[in-house]
1. Please state the charge dipole magnitude for segment 72-160, taken about the Cα centre, from unit charges on C-beta atoms (+1 on K and R, -1 on D and E), reported in debye and rounded to the nearest 20.
2. Between 54, 173, 26, whose Cα lies farthest towards the positive end of the dipole of segment 5-174 when Lys and Arg beta carbons carry +1 and Asp and Glu beta carbons carry -1, centred on the Cα centre?
3. For segment 115-149 and segment 58-110, what is the centre-to-centre distance using only Cα atoms, to the nearest Å?
4. Among 89, 13, 119, which residue has its Cα furthest toward the positive end of the charge dipole of the chain, with +1 on Lys/Arg Cβ and -1 on Asp/Glu Cβ?
5. Grab every C-alpha pair in the chain, bin the distances at 5 angstrom width from 0 up to the longest one, and report whole percents.
6. Counting Lys and Arg as +1 and Asp and Glu as -1, each charge on the Cβ, what is the dipole of the chain about the Cα centre in debye, to the nearest 20?
7. Please count, across the chain, the pairs of lysine residues with Cα atoms under 12 Å apart that sit 8 or more places apart or on different chains.
8. Please list the non-local residues whose amide H lies under 5 Å from the amide H of residue 67, H modeled 1.01 Å from N, same-chain partners needing a gap of 5 or more.
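Only the coordinates and a few stated rules stand behind these numbers; no lab work does. Please read all numbers here as calculations on a predicted model, not as lab measurements. Here the Cβ is made from the backbone with ideal geometry for all residues, glycine too, and neighbour counts use every protein chain on show.
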Amino acid sequence: MPGKEVAILRIGHRPERDQRVTTHVGLTARALGAKGMYLAASDKGVVESIADVAGRWGGEFFCENDVKWRSCIKAWKADGGVVVHLTMYGLNLPDVIGDIRPHDKILVIVGAEKVPGDIYGLADYNVAVTGQPHSEISSLALFLDHLFSGAELKNEFPGAQIRIIPSKAGKQTEGP
């Protein structure tokens, strides 16, 4: 989204188990307006998969592998950004999104398995997208939709080799 720098920090990724979910976190972030994803694990397969999609479907989206999560958070904050941790145990999204939306540089932490307790103290906002167990992918999608007030649904992706042509029925695309 113009004027906003939003990136995802994916923590707790287990390469032997979470590859598909982490890839979907990145694809959701890309489709809904984030600029990139930092992966606090070593998984080149996720990075390559996301790069392949971005190459074919357009737009600019980075995926950085093997990031140290604590250093990433500290560097983000030192550069004037705010940190939002998506968790069941935070403040309700509708109650805090108005405080978050004015910020131009937002790092969104999306966990997998148990999140280190330090994350809660390092985050500027611990945000709950419902107080019930559900997917980190759905939490991220709802957060980004609220953050961008629905404008992300009309994003353009320059350089796309493939484009979907909206249609009432059937599949229509442009490109290879």
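1. Working: 6 positive and 11 negative charges, 20 e Å.
Magnitude of the dipole: close to 100 debye.
2. Farthest along the dipole direction, towards plus: 173.
3. Taking the Cα centre of segment 58-110 as reference, the centre of segment 115-149 is 9 Å away.
4. The Cα lying farthest towards the positive end belongs to 13.
5. P(r) for the chain, in whole percents per bin: 1, 8, 17, 21, 21, 15, 9, 5, 2, 0.
6. Details: 20 positive and 21 negative charges, 48 e Å.
The calculated dipole for the chain is roughly 240 debye.
7. Values: 4/35; 4/105; 35/105; 77/105.
Value for the chain: 4.
8. When sequence neighbours closer than 5 places are left aside, the close amide H contacts are 39, 40, 41.
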